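Accompanying notes for the structure given below.
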Amino acid sequence: MARVSQAHLDARRRQILDGASVCFARNGFHATSMQDVLKEVDLSAGAVYRYFGGKEELIAAIVSEVLGQVRSAFEEAVELDPPPTPDVLVVSVLGRSLAARESLTVDGRPAFPRLVVQVWTETLRNEELAAVLREGYGAVREAWGRIVEVYQAAGMMRKDVPPDHVARTMIATVLGFLAQQSLFGPAPVEILGDGLRALMSVSQPRQEG
């Protein structure tokens, strides 16, 4: 029997994850069956179950992959001197995440923002998925916090705000932008960068007299 290359195995795994992402974005995790995933990826049950034991493993793998990529991007930014400002960094990281999944669509619209909303909805009734999400976002928060510490040490950001507060705010901003895309349709990520840049420019009004 011919040996299957690692590249082939990786491509097949990618095919399954992408197909499952589209299914979950379209119908939600709860309403999607493994039969739906098999139909979407056009593979046999044996081929899919070789990689994943079921829906729970699929969604956990998708979430872990996305958040792992985001965390790695922020960890790389910490090593830069100085690191990119928040408006530039968010556009870069979110832009890469969206671009990597731009071929995944539901009804002609990007699937990724819908997938994010569906995943958050599912965590309300799926404690195992909630645990995966907490761990993933915890790592992203820590990475953001380290970037904030670098900003503060370099005099780029005020020091009287705890880094974790800034990290939580930035995560909330990105999630809110994705929720808007899910509801209102695609929008250039540069919009988020422009808004952050404007907020960063706010200063206290000058006192007259």
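The values are calculated or read from the model by the stated rules, or taken from the named source; none is laboratory data. Keep in mind that this is a model prediction, so the values were computed, not measured. We place every Cβ from the backbone using ideal geometry, glycine too, and count neighbours over all the protein chains shown. Areas reflect the complete protein model, heavy atoms only, side chains present, ligands, DNA and RNA absent. Shrake-Rupley method; radii C 1.70, N 1.55, O 1.52, S 1.80 Å.
Odds and ends about this structure:
- Count of the range 1-26 residues, restricted to those that are open to solvent by 80 Å² or more (accessible area, probe 1.4 Å) and assigned to a helix (DSSP H, G or I), is 6.
- Cβ-Cβ distances below 9 Å connect the following pairs, each with a first residue in the range 125-145 that is closer than 15 Å to Ala172 by Cβ, a second residue that is among the charged types (D, E, K, R) and surrounded by fewer than 19 Cβ atoms within 10 Å (Cβ to Cβ), and a separation of six or more residues or different chains: Arg141/Asp164; Arg141/Arg168; Trp144/Asp164; Trp144/Arg168; Gly145/Asp164.
- Yes/no for Thr121 being touching a residue at least 40 places away in the same chain (Cβ under 8 Å) and under 17 Å from the mean Cα position of the chain (by Cα): yes
- Residue ID - farthest from Val22 (Cα to Cα), chosen from residues in the range 167-199 that are among the small types (Gly, Ala, Ser) and assigned to a helix (DSSP H, G or I): Ala198
- Residue selected from the range 59-74 under the condition aliphatic (A, V, I, L, M) and within 16 Å of Ser92 (Cβ to Cβ), by the criterion surrounded by the fewest Cβ atoms within 10 Å (Cβ to Cβ): Ala73
- Candidates Ala45, Ala77, filtered to the one that is more than 30 Å from Phe177 (Cα to Cα) and either free of Cβ contacts under 8 Å to residues at least 40 places away in the same chain or open to solvent by less than 20 Å² (accessible area, probe 1.4 Å) (or both): Ala45
- When Leu58 is tested against (1) more than 26 Å from Ala143 (Cα to Cα); (2) of a type in the set (A, V, I, L, M, F, W, C); (3) in contact (Cβ under 8 Å) with a residue 24 or more places away in the chain, just one condition goes unmet, and that condition is (1).
- Residue in the range 163-209 that is farthest from the chain's Cα centre (by Cα), counting only those that are of a type in the set (Gly, Ala, Ser) and open to solvent by 40 Å² or more (accessible area, probe 1.4 Å): Gly209
- Enumeration of residues in the range 138-162 that are closer than 16 Å to Pro84 by Cα and under 15 Å from the mean Cα position of the chain (by Cα): Ala143, Trp144
- Qualifying residue in the range 54-63 (condition: among the small types (Gly, Ala, Ser), under 22 Å from the mean Cα position of the chain (by Cα) and in a helix (DSSP H, G or I)): yes
- From Leu89, Leu115, residue being within 11 Å of the chain's Cα centre (by Cα), modelled with pLDDT of 95 or more, of a type in the set (A, V, I, L, M, F, W, C) and not in a loop (DSSP other than H, G, I, E, B): Leu115
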